[in-house]
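Have a look at the structure below before the remarks.
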Amino acid sequence: MAEASLFDTLGGEMALSVIIDRFMERVFADSMIGFFFARADKARIKQKEYELAASSLGGPVAYSGRSLQVAHAAHPIAAAHFHRRLEILKQTLKEFQVPQNVAHYWIGHNERLFSSIVVGDPACGPATNADSPKRGAQ
């Protein structure tokens, strides 16, 4: 018998869709990072976020967006912005009582994307440090 994927453990498409919807609503409304999404197509962003999460959790979904590095290159995303989004994700996963193994993997996957998204922040130093993978590594 094959082991269930993290996607299946989470509850599949229906559960992930509800979590992503809530997560992205919180991101769009957030006072620290919501401005990045002021002119964004919310439905499109939610769809890409769903695809990224589903594919990383082993779901039968392919991510169809641009590379994260290319998609975020035009935005001055600082480490603090990245960490705020990560905190919103953690809060959302807790709110939905996502199984610990799924939440741990999902958060870890997002943490590994740091150098593909953060461009650098003069107030906080360079985006890459000893704890972050090199830009482009995923």
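The values are calculated or read from the model by the stated rules, or taken from the named source; none is laboratory data. All of these numbers come straight from a predicted model, not from anything done at the bench. Methodologically, a virtual Cβ is constructed for each residue, glycine included, from the backbone with ideal geometry; neighbour enumeration extends over all protein chains shown. SASA here: full protein model, heavy atoms, side chains in, ligands and nucleic acids out. Shrake-Rupley method; radii C 1.70, N 1.55, O 1.52, S 1.80 Å.
Here are some notes:
- The Cα atoms of segment 3-67 cover 41, 22, 16 Å along the three principal axes, with the biggest extent listed first.
- Measuring nothing but protein heavy atoms, the accessible surface of segment 1-92 at 1.4 Å probe radius is 56 percent carbon and sulfur.
- The loop-placed GluC sites (Glu not before Pro) in segment 1-88, going by DSSP, that have at most 15 neighbouring Cβ atoms within 10 Å of their Cβ come out as Glu3.
- Hits among aspartates and glutamates - C-alpha to C-alpha of Lys90 under 16 Å, sequence gap 8 or more where chains match: Asp21, Glu25, Asp30, Glu49, Glu111
- Exposure rank, largest accessible area first [Val61, Val119; 1.4 Å]: Val119, Val61
- With all protein chains kept in place, the per residue accessible area of segment 1-82 amounts to 56 square angstrom at a probe of 1.4 angstrom.
- Extension reserve of the Ser67-Asp8 stretch, reckoned as 0.36 nm per residue once the Cα distance is removed: 18.7 nm
- The coefficient of translational diffusion for segment 1-124, derived via Stokes-Einstein from the alpha carbon Kirkwood radius under 4 °C and 1.567 mPa s, stands at 86 µm²/s.
- Enclosed volume per residue, in Å³, of the convex hull spanned by Cα atoms of segment 34-97: 111
- Sequence of Asp21, Asp8 when ordered by accessible area, the most exposed leading, probe 1.4 angstrom: Asp8, Asp21
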